[in-house]
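These notes are about the structure you will find just below.
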Amino acid sequence: MIHIIYHGYFSFAIHKVVQDLAKKGTDVLAKPHTDYVLLAEKEGVVTRDMKGDPAPDAILFFDKDVRLARALEKTCPLFNPADAIALADDKISTYDALAPSLPMIDTIPAPFHYRVQAPKDDFLDYVEARFGYPMVIKAAKGSFGEQVFLAKNRDEAKEIAENMGAEDYLFQPFIAESAGVDKRVLVIGDEIVGAIERRNDHDFRANIAAGSTARAIELTEGEKELALAAHKKAGLAFSGIDLIDSHNGPLLVEINSNMSYLGFQEATGIDVSKKILDYVENRIR
């Protein structure tokens, strides 16, 4: 029995992925993360299934509730592992872990703050000297490109920063040669399953949710090596690795642990759901 845990409150795109997975599996049960309660007991933090469903042999965790993931990981194999989910979900943590050894887009985290707070001018002086305008500002935790913005000047940068509220966010250079275009690489285990180019002629963001079109592509050997290295260093079982082209070669943008891959599936004809289920079943035999 494989349980597929998904976010119980929203995220229609992930729900469609979960439905596709459930259709492909012969002994699969989809469950919202709200089926569980966390309790502190003598043996530590444990989880209880309030629905009382049969215990799984493995869990596909399509959510970002890392506390729940860590508690469930004590009971059976979890795909992806909790630490890998945490690393992928926080773009600042991803940069800290991977940028020292891999070519990654330059990133400066915003100073830690407790409330709505625009960065001070001396900090913006430094960031502007390093990146110039336009400049990308994005939330450290976000999905589907919804928390990614382009600032054309300091006033816009301050306004975007203030709208982030108390959340962590970061600054990155705008790579003009890849505006509206990126490459999503699907990796399962140690295998690159395939890649697509996502292209948006009306937005600097390349996310399909932002209106991009997708087509299957072949990667260069350098791109394959970069995607596999990022996947392995993050400890992921399956992932979506995002790359962009730059004048200095391919750059890693981010890693995704519980991505919506139906656009990839449609563009490539590759049955990703079956490949993920086969991978998990082979690991627990």
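Please count how many residues of the stretch 214-255 are surrounded by fewer than 17 Cβ atoms within 10 Å (Cβ to Cβ), touching a residue at least 40 places away in the same chain (Cβ under 8 Å) and polar (S, T, N, Q).
Residues meeting the conditions: 2.
For the stretch 125-145, which residues satisfy the criterion of being outside any strand (DSSP E or B), within 19 Å of the chain's Cα centre (by Cα) and closer than 23 Å to residue 96 by Cβ?
Within the stretch 125-145, 140, 141, 142, 143, 145 qualify.
Take residues that are within 15 Å of the chain's Cα centre (by Cα) and tell me which of the strands (runs of 3 or more DSSP E) falling wholly in the stretch 180-285 contain 3 or more.
Passing ranges, in order: 181-188, 238-244, 251-256.
One line per residue, one yes/no per condition, for (1) outside the structural domain of residue 258 (by TED's automatic domain parsing); (2) in contact (Cβ under 8 Å) with a residue 40 or more places away in the chain; (3) not in a loop (DSSP other than H, G, I, E, B):
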residue: 9; (1), (2), (3): yes, no, no
residue: 18; (1), (2), (3): yes, yes, yes
residue: 29; (1), (2), (3): yes, no, yes
residue: 56; (1), (2), (3): yes, yes, no
residue: 113; (1), (2), (3): yes, yes, no
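Got a sec? Which of 244, 276 is within 22 Å of residue 99 (Cβ to Cβ) and of a type in the set (Val, Ile, Thr)?
Among 244, 276, only 244 is within 22 Å of residue 99 (Cβ to Cβ) and of a type in the set (Val, Ile, Thr).
If you scan the stretch 17-33, which residues turn out to be surrounded by 13 or more Cβ atoms within 10 Å (Cβ to Cβ) and either in contact with a Ser or Thr (Cβ under 6 Å, 6 or more places away or on another chain) or not small (Gly, Ala, Ser) (or both)?
17, 18, 19, 20, 21, 24, 28, 29, 31, 32, 33 - these are the residues of the stretch 17-33 that are surrounded by 13 or more Cβ atoms within 10 Å (Cβ to Cβ) and either in contact with a Ser or Thr (Cβ under 6 Å, 6 or more places away or on another chain) or not small (Gly, Ala, Ser) (or both).
Each row is one residue, and each column tells you yes or no for (1) at pLDDT below 90; (2) surrounded by fewer than 19 Cβ atoms within 10 Å (Cβ to Cβ).
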residue	(1), (2)
175	no, no
182	no, no
188	no, no
200	no, no
206	yes, no
209	yes, yes
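Does the stretch 142-169 hold any residues that are surrounded by fewer than 18 Cβ atoms within 10 Å (Cβ to Cβ) and in contact (Cβ under 8 Å) with a residue 60 or more places away in the chain, and which are they?
144, 146, 168
The values are calculated or read from the model by the stated rules, or taken from the named source; none is laboratory data. As the structure is a computational prediction, the values presented were derived from the model and not from experiment. Using ideal geometry, Cβ is built from the backbone for each residue, glycine included, and neighbour counts are taken over all protein chains shown.
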